[in-house]
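Notes for the one structure printed next.
Every read-out reported here was derived from the displayed coordinates using simple, explicitly stated rules and does not represent laboratory data. Please read these numbers as outputs of a predicted model, since none were measured by experiment. Neighbour counts are summed over all protein chains in view; Cβ atoms, including those assigned to glycine, are modelled from backbone coordinates with ideal geometry.
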Amino acid sequence: MKTLVIVTHPSIETSVINKRWVEEIKKYPEKYTVHELHKVYPDGNIDADQEQQLIESHGNLVLQFPIYWFNCPPLLKKWLDDVLAYGWAYGSNGGDKLKNRKVALGVSAGIKKEDYSENGRYRYTLEQILIPFETIFLYCNADYRSLFPFYGKENEPGGNEKEENGPGARELEKSAQDYLNFIDSL
């Protein structure tokens, strides 16, 4: 079964990292379905039944988003609240739709990796900050497989990803390939 990649980025057109990842994923429609929440639900009104059917028609699930205030964008939080409902994602009467389903995160963090460390500026790793996602999926009996992060492109001098052959461009291309490898290894 194909992997469903739920992309939540409020301005994907101006994104560098998430946009590049989406472009790479879309090259393989036989393996992945890209579902962009802001394009499907510009008004924020999520059709939970439709989303649940979409998840059920796929194998693995990946949530892709940029870090917003050390969390996910608000539309993804609303999606989690609406879609992962009692009786579907957890609880009795069929609440097992995520059971054993492999779930992972693909996240871009504008902040440098060293800032996400015990001795760094924010004192916690990105994995620690995103523990609520792991907990959600453990609660739903899913098989949480961790995250694929991209760190540090916010306000970084000399890291212009748009340079055709510069170091930023090479790093961006490598991350796109590594992200696909991560998804395939779930």
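Straight Cα distances below 30 angstrom link K2 to the lysines K19, K26, K27, K31, K39, K77, K78, K97, K99, K102, K174, with same-chain residues fewer than 8 positions distant left out. What the pair-distance distribution of the range 1-50 shows, using all Cα-Cα distances binned every 5 Å from zero, is 5, 19, 27, 23, 18, 8, 0 percent. Computed from Cα atoms alone, the Kirkwood hydrodynamic radius reported for the chain is 17.1 Å.
Dipole size of the range 15-89 about its Cα centre, with +1 on Lys/Arg Cβ and -1 on Asp/Glu Cβ: approximately 420 debye, rounded to the nearest 20. Scalar couplings 3J(HN,Hα) for the range 111-121, obtained by applying the Karplus form with A = 6.51, B = -1.76, C = 1.60 to θ = phi - 60°, are 8, 5, 4, 5, 6, 9, 7, 4, 9, x, 4 Hz; x denotes Gly and Pro.
Residues whose amide H falls under 5 Å from that of G106, counting only those 5 or more places apart or on a different chain, are L63, Q64, F65, F148, with hydrogens built in the peptide plane. In sequence order, the range 61-66 has phi-based couplings of 10, 10, 9, 10, 6, x Hz under the Karplus curve 6.51 cos²θ - 1.76 cosθ + 1.60, θ = phi - 60°, and Gly or Pro positions carry x. Among 5-14, 103-112, sorting by the average number of other beta carbon atoms lying within 10 angstrom of each residue, highest first, gives 103-112, 5-14.
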